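Chemist: Have a look at this one before I ask anything.
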Amino acid sequence: MSIQERRTLLSIASAIAIPTVYAVYSLPGLPAGDAYAPEVFRFWGQFFLVLIPVVIVAKILITILFSIIDGILTREAEPDFEDERDKLIEQRALNGGQYVFGLGFMGAMLALVAGYPPSVMFIVLLATGIGSELFSELVRFTLYRRGF
């Protein structure tokens with residue numbers, strides 16, 4: 001298995017684990033009562049504003065640890081170049097993730113139009129963010145595995 005495949009599998013695991021742990025920690029603080037109360041919107045705003053830097057910092061730390069541990073275990077140096085194949089794979093993965101996020105965003109807006117409370121919209125947006133990242137990483141893994 002190549003280093004790109006191992007890194008992609010790690011990204012898939014962290015794309016699931018980081019938001020899940022954060023949600024398990026944070027969601028019990030969701031205000032009960034009126035779904036349209038200002039406290040509910042404040043909670044979701046704070047939830048996403050904290051989630052973004054938590055994910056960024058955690059992914060940076062995980063990537064650094066992966067590089068160190070992978071280098072020790074495999075005794076291989078990480079390639080310091082990116083060829084056209086890598087760029088094409090990256091572009092296809094990003095495009096796929098953007099399409100999934102776009103569809104999920106439309107689904108979140110449809111939930112509001114259908115009369116669901118705003119919390120449903122925020123949950124759909126959270127699931128869409130995670131789903132688009134997973135889709136992107138699965139596309140990347142599949143293309144590397146195929147050798148394309």
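Here, each number is a calculation from the coordinates, and none is a lab measurement. Since the model is a prediction, treat every value here as computed from it, not as a measurement. Neighbour counts are summed over all protein chains in view; Cβ atoms, including those assigned to glycine, are modelled from backbone coordinates with ideal geometry.
Chemist: So for segment 76-88 (the condition being assigned to a helix (DSSP H, G or I) and either touching a Gly at 6+ places or on another chain (Cβ under 6 Å) or buried (at least 18 other Cβ atoms within 10 Å of the Cβ) (or both)), does at least one residue qualify?
Modeler: Checked against the condition, which is being assigned to a helix (DSSP H, G or I) and either touching a Gly at 6+ places or on another chain (Cβ under 6 Å) or buried (at least 18 other Cβ atoms within 10 Å of the Cβ) (or both), segment 76-88 yields no hits at all.
Chemist: Right, here's the next one. Of all residues in segment 55-75, which are free of Cβ contacts under 8 Å to residues at least 24 places away in the same chain, more than 17 Å from M1 (Cα to Cα) and either part of a loop (DSSP other than H, G, I, E, B) or charged (D, E, K, R) (or both)?
Modeler: Hits for segment 55-75: nothing passes.
Chemist: Specify which of the listed residues (F105, F81, F122) is farther than 30 Å from G45 by Cβ and either in contact with a Ser or Thr (Cβ under 6 Å, 6 or more places away or on another chain) or among the aromatic types (F, W, Y) (or both).
Modeler: That would be F81, the only listed residue that is farther than 30 Å from G45 by Cβ and either in contact with a Ser or Thr (Cβ under 6 Å, 6 or more places away or on another chain) or among the aromatic types (F, W, Y) (or both).
Chemist: When you look at I52, is it assigned to a helix (DSSP H, G or I), of a type in the set (V, I, T) and under 29 Å from Y22 (Cα atoms), yes or no? Talk me through it step by step, then tell me what you get.
Modeler: On the way: assigned to a helix (DSSP H, G or I): yes; of a type in the set (V, I, T): yes; under 29 Å from Y22 (Cα atoms): yes.
Criteria met by I52.
Chemist: Just need a number here: residues in segment 94-146 that are of a type in the set (A, V, I, L, M, F, W, C), assigned to a helix (DSSP H, G or I) and over 13 Å from the mean Cα position of the chain (by Cα).
Modeler: 17
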